[in-house]
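Below: one structure, written as structure tokens.
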Amino acid sequence: MQKNKITYTGAFRFPDNDAAGKRAKIIADMLSKNYNLTIINWGNESDSDKFEYKVLNSHDLVFSSNRSFIEKIKDYVFLGFKSIKNFKSEFTASDLVILYNPPSLYCLMMLFLSKIYKFKIILDITEWYDSTHLPGGRYSLPSLENGLRMRVIYRLFKYRWTISTFLDDYYSKFGMSYKFPPVSDEFKVKNKINDGSFHLMYAGSPGKKDRVDDILLFSKKLSNECNVRLSVFGMTEEEFKGIYPNTQIDSNVNFFGRVSMDVIYNYYSCVDFVVFFREDKRYAWAGFPSKFVEAISFDTPVITNDVGDISTYIGNVGYLYSGSEEVITSQEVKELERLKSDIYSRKKLWSDSFYIKCHSNKLNNFIRGILDDSF
């Protein structure tokens with residue numbers, strides 16, 4: 001029996017150059033077992049020989065460094081159109097196309113093509129950007145496009161994967177949704193050494209989503225009770241000072257700048273906690289931090305604040321920090337020590353909620369229902 005053809009594309013750098021690429025890679029590995037799959041990668045060149053499915057590179061996210069202002073606007077408005085121009089036949093031959101966080105005009109073009117060539121579409125929605133985080137701020141073209149995309153254009157589609165309860169609740173009124181959090185395909189147990197010290201790690205890109213200054217403040221409070229080291233990946237000390245000029249950097253904080261993902265993965269073996277904090281805003285509630293799932297899958301507890309779906313899952317795998325505490329008490333330090341050793345809770349949460357196989361049957365049933373027109 002011939003397999004149905006699925007094409008998965010969108011604003012990701014396949015297979016692991018960003019969180020989006022890692023999500024696409026894990027989903028692709030699952031889908032390829034039951035479907036004839038093609039990945040169209042918008043990022044840099046990806047070696048298709050490494051995968052058991054077709055991987056094509058459209059380079060939509062690869063830009064010249066000396067573009068003019070007009071060229072930047074044009075690239076933004078028509079983002080994704082290279083994938084259509086170069087690989088239109090992949091889309092038109094598909095039974096189903098999955099679009100990862102697609103931009104507005106691209107969405108409308110794909111919707112138009114789907115009507116002509118009779119393929120179905122699933123939107124994979126993982127973000128609702130804060131307008132102040134986008135280039136130009138609240139009243140810029142990217143901000144207006146983001147609002148149009150989320151409030152109008154995404155509602156035109158019948159089928160969606162949503163990464164959070166917030167997005168699932170919002171879009172379930174306009175079609176069928178499946179809540180699909182970040183996932184991983186392996187749990188890596190590591191040896192724990194409870195020596196009364198805490199090695200914390202933050203890994204992320206310099207930007208406005210994560211409050212790295214609050215991480216340093218937490219580290220300082222915790223260091224009043226015990227020995228603490230903080231390793232920061234993704235930004236240099238100079239970049240941090242440029243973003244947070246008024247935040248003191250203590251001697252126990254080390255900045256490593258941008259490194260490969262392999263370096264981060266290897267570093268998990270020597271850290272006790274992953275720590276990140278986000279603002280209590282819509283972007284944080286609409287998203288789901290892939291850092292959380294990645295840390296759990298590397299057998300590492302998490303210190304974070306209560307945003308999004310975090311409180312649903314954190315239980316015995318992490319520590320919720322409100323930011324209002326003046327001091328970290330000795331009792332809280334004991335709780336952190338306990339969390340370091342609780343491998344059972346981390347593995348159980350991972351296997352019940354974030355292991356790709358615990359979603360595979362539901363995802364395949366969702367896709368099968370779409371392809372068979374049974375919804």
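No lab work stands behind these numbers, since they all come straight from the coordinates. Bear in mind the structure is a predicted one, so any value in this text is a computation, not a measurement. Here the Cβ positions follow ideal geometry from the backbone for every residue, glycine too, while neighbour counts run over all protein chains shown.
Between the alpha-carbon centres of the range 315-333 and the range 254-287 there is a gap of 18 Å. Calculate the FRET efficiency for Leu371 and Asn44 from the Cβ-Cβ distance with a Förster distance of 35 Å, rounded to the nearest 0.05. In this case the efficiency is close to 0.65.
Taking amide H as placed 1.01 Å from N in the peptide plane, Ile121 has its amide H under 5 Å from the amide H of Val97, each at least 5 places away in sequence or on another chain. In loop segments of the range 280-375 as defined by DSSP, the GluC sites (Glu not before Pro) with at most 12 further C-beta atoms inside 10 Å of their C-beta are Glu325, Glu326. Given the alternatives (i) 24.4; (ii) 21.2; (iii) 22.0, Kirkwood radius over Cα pairs in Å as computed for this entry is given by (iii). Once R0 is set to 25 Å, what does the formula 1/(1 + (r/R0)^6) return for the Cβ-Cβ distance between Ile73 and Arg258, expressed as a FRET efficiency to the nearest 0.05? Plugging the Cβ-Cβ distance into 1/(1 + (r/R0)^6) gives 0.35. Between Asp352 and Glu326, the contour length at 0.36 nm per residue exceeds the alpha carbon distance by 5.8 nm.
Sorted by packing (mean other beta-carbon atoms within 10 Å per residue), highest first, where do 277-289, 136-148 land? It would help to have the intermediate numbers written out before the result.
Values: 277-289: 19.5, 136-148: 14.5.
For the peptides 277-289, 136-148, the packing ranking is 277-289, 136-148.
Which whole-number percent is the relative contact order of the chain (Cα, under 8 Å, 6+ apart)?
On the way: 639 pairs, mean separation 51.4, N = 375.
Relative CO of the chain lands at 14 percent.
Using the Cβ-Cβ distance between Thr236 and Asn266 with R0 = 25 Å, the FRET efficiency computed as 1/(1 + (r/R0)^6) comes to roughly 0.80.
For the chain, a Gaussian network of Cα nodes joined below 10 Å ranks Phe51, Phe240, Phe63 by mean-square fluctuation, and the top entry is Phe63. Computed on the range 198-353, with alpha-carbon pairs under 8 angstrom and 6+ residues apart, the relative contact order is 25 percent. Axis angle, to the nearest 10 degrees, between helix 141-151 and the longest C-alpha principal axis of the chain: 80 degrees. Derived scalar couplings between HN and Hα for the range 32-47 equal 5, 6, 10, 9, 7, 9, 10, 9, 10, 8, 7, x, 5, 4, 10, 6 Hz in order, rounded to whole Hz, by the Karplus curve 6.51 cos²θ - 1.76 cosθ + 1.60 (θ = phi - 60°), x for Gly and Pro.
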